[in-house]
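The values are calculated or read from the model by the stated rules, or taken from the named source; none is laboratory data. Not measured: the values here are computed from a predicted model. Backbone-built Cβ (ideal geometry, glycine too); neighbour counts: all protein chains shown.
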Amino acid sequence: MFRFENIEFIYLLILIPVLLIVYIIGRRIRKRSLKRFGDPEILNQLMPFLSVNRPVVKFLFILFALVFIILGMARPQFGSKLEVIKRKGIEIVIALDVSNSMLAEDIQPNRLEKAKQAIARLVEKLADDKIGLIVFAGDAYVQMPVTSDYISAKMFLSSINTQIVPKQGTAIGSAIDLGINSFSPDNEASKALIIITDGEDHDDNAVSLARDAAEKGIVIYTIGVGTPNGTPIPVYSGNQRSFRKDRQGNVVITKLNEKILREISNAGNGSYIRATNNRLGLNMLFDQISSIEKKELETRIYSEYDEKFQYMIGLALILILFDFILLERKNKYLKNIKLFN
């Protein structure tokens with residue numbers, strides 16, 4: 001496959017025939033002017049080192065050099081390639097709770113949307129780090145593998161909702177277990193697992209799994225979303241608003257469980273932050289993560305096209321060099337060699 005990335009520069013090629021016409025007209029005017037001074041044959045004898053063809057060749061060198069410069073500016077690209085880029089950073093996996101309790105509105109607009117907004121802002125601050133995304137409720141799933149493609153990260157983030165995981169609940173242990181296995185296995189980079197949830201854990205092994213993660217060099221941070229006093233979970237049907245109820249018909253109250261989140265972060269050698277309406281805490285957490293030692297990461301980036309403009313510029317420079325070397329006058333030692341006749 002072939003294309004020009006900046007195809008608008010191709011229109012500059014219209015200058016080539018214009019310059020050619022101007023040059024031809026200029027040579028004709030020059031010949032007419034010389035005829036006014038005398039017979040061309042006599043003038044040639046008076047100017048033995050004058051070359052008729054060398055100026056033409058020099059002009060063609062410059063003309064073709066200009067063509068290649070314009071083609072280089074248009075950035076010709078061929079085929080596709082896979083680039084390997086090495087840079088220093090850390091690997092971050094975010095495990096986001098998508099259970100129904102995350103729809104509670106004690107954090108505006110609701111717990112889940114506030115978390116998504118904060119993650120999007122965090123992605124914008126990343127530079128050389130890798131990020132992965134896990135969603136969990138009753139089970140945990142990889143929403144996006146660890147990558148440095150921040151554009152894709154935002155795209156995957158925007159599609160997250162409470163319907164994305166079929167089984168309800170809050171299995172923090174499953175999220176930690178999946179998070180441990182989501183980091184690059186052969187990479188010695190520093191690793192951080194961020195769990196964003198209201199902490200209504202239905203597992204009893206989250207703390208022990210956090211210890212396992214810490215033994216493998218993974219630091220676990222927890223962000224508690226919600227209020228300890230609790231709030232009902234709204235259910236919208238058109239313009240009607242009601243609240244989620246249990247099987248006995250009682251309104252379900254979802255409360256932030258800070259105790260379990262602190263235990264998990266302590267076991268994972270990390271820290272716990274409580275979210276508020278003003279801030280989720282990811283920015284504060286990012287400052288802590290930034291202090292972690294950054295190690296070399298290898299990133300494979302797929303590029304659909306491979307740049308070839310450098311060849312065009314190289315040919316242009318060669319032609320300009322030839323123009324510089326070639327003199328308009330004949331060399332008195334080489335004048336009998338008819339190279340340009």
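Tell me whether the range 200-220 contains one or more residues that are among the hydroxyl-bearing types (S, T, Y) and in contact with a Phe, Trp or Tyr (Cβ under 8 Å, 6 or more places away or on another chain).
Quick first cut of the range 200-220, residues among the hydroxyl-bearing types (S, T, Y) only: 208.
Okay, now just the ones that are also in contact with a Phe, Trp or Tyr (Cβ under 8 Å, 6 or more places away or on another chain), so none.
No, the range 200-220 contains no residue that is among the hydroxyl-bearing types (S, T, Y) and in contact with a Phe, Trp or Tyr (Cβ under 8 Å, 6 or more places away or on another chain).
Do the conditions hold for S99, that is, is it in contact (Cβ under 8 Å) with a residue 12 or more places away in the chain and of a type in the set (S, T, Y)? Don't jump to the end; show me each part of the working.
Values: in contact (Cβ under 8 Å) with a residue 12 or more places away in the chain: yes; of a type in the set (S, T, Y): yes.
Answer is yes for this residue.
Looking only at the range 11-27, count how many residues are among the hydrophobic types (A, V, I, L, M, F, W, C), under 16 Å from F68 (Cα atoms) and either exposed (fewer than 13 other Cβ atoms within 10 Å of the Cβ) or not assigned by TED's automatic domain parsing to the domain that holds A65 (or both).
Count: 1.
Could you tell me whether the range 189-202 includes any residue that is surrounded by fewer than 19 Cβ atoms within 10 Å (Cβ to Cβ) and free of Cβ contacts under 8 Å to residues at least 40 places away in the same chain?
Looking through the range 189-202, none of the residues is surrounded by fewer than 19 Cβ atoms within 10 Å (Cβ to Cβ) and free of Cβ contacts under 8 Å to residues at least 40 places away in the same chain.
Among the residues of the range 165-185, are any closer than 18 Å to G268 by Cα and among the aromatic types (F, W, Y)? First the steps, then the outcome.
Narrowing the range 165-185 to residues closer than 18 Å to G268 by Cα: 171-183.
With the extra rule that they be among the aromatic types (F, W, Y), the set shrinks to 183.
Taking every residue of the range 165-185 in turn, at least one turns out to be closer than 18 Å to G268 by Cα and among the aromatic types (F, W, Y).
Going through the range 131-166 one residue at a time, which ones are assigned to a loop (DSSP other than H, G, I, E, B) and either closer than 30 Å to P234 by Cα or over 14 Å from the mean Cα position of the chain (by Cα) (or both)?
Answer for the range 131-166, where residues must be assigned to a loop (DSSP other than H, G, I, E, B) and either closer than 30 Å to P234 by Cα or over 14 Å from the mean Cα position of the chain (by Cα) (or both): A137, G138, D139, S159, I160, N161, T162, Q163, I164, V165, P166.
On the basis of being touching a strand residue (DSSP E or B) at 6+ places or on another chain (Cβ under 9 Å), farther than 20 Å from L193 by Cα and aliphatic (A, V, I, L, M), does V225 make the cut? Steps first, answer last, please.
Numbers: touching a strand residue (DSSP E or B) at 6+ places or on another chain (Cβ under 9 Å): yes; farther than 20 Å from L193 by Cα: no; aliphatic (A, V, I, L, M): yes.
So V225 fails the test.
Hey, does the range 118-130 have a residue that's outside any strand (DSSP E or B), over 24 Å from the mean Cα position of the chain (by Cα) and either assigned by TED's automatic domain parsing to the domain that holds I24 or at pLDDT 85 or above (or both)?
Quick first cut of the range 118-130, residues outside any strand (DSSP E or B) only: 118-129.
When the remaining residues are screened for being over 24 Å from the mean Cα position of the chain (by Cα), the result is none.
The answer is no; no qualifying residue exists.
Exactly one of (1) surrounded by 15 or more Cβ atoms within 10 Å (Cβ to Cβ); (2) touching a residue at least 60 places away in the same chain (Cβ under 8 Å) is unmet by A140. Its number?
That leaves (2) as the condition not met.
Taking the range 264-285 as the search range and keeping residues that are surrounded by fewer than 18 Cβ atoms within 10 Å (Cβ to Cβ) and part of a helix (DSSP H, G or I), which one is nearest to the chain's Cα centre (by Cα)?
Only one residue tops the list, namely N283.
Test each condition in (1) crowded, with 20+ Cβ neighbours inside 10 Å; (2) under 21 Å from L280 (Cα atoms); (3) in contact (Cβ under 8 Å) with a residue 40 or more places away in the chain for N161 and report the one that comes out false.
(1)
Tell me, which residue of the range 233-251 that is touching a Pro at 6+ places or on another chain (Cβ under 8 Å) and free of Cβ contacts under 8 Å to residues at least 24 places away in the same chain is nearest to V98 (Cα to Cα)? It would help to see each step written out before you state the result.
Looking only at the range 233-251, we keep the residues that are touching a Pro at 6+ places or on another chain (Cβ under 8 Å), and these are 241-244, 251.
Now narrow it down to the ones that are free of Cβ contacts under 8 Å to residues at least 24 places away in the same chain: 241-243, 251.
Values: R241: 20, S242: 20, F243: 18, V251: 20 Å.
Filtering the range 233-251 for residues that are touching a Pro at 6+ places or on another chain (Cβ under 8 Å) and free of Cβ contacts under 8 Å to residues at least 24 places away in the same chain, the one nearest to V98 (Cα to Cα) comes out as F243.
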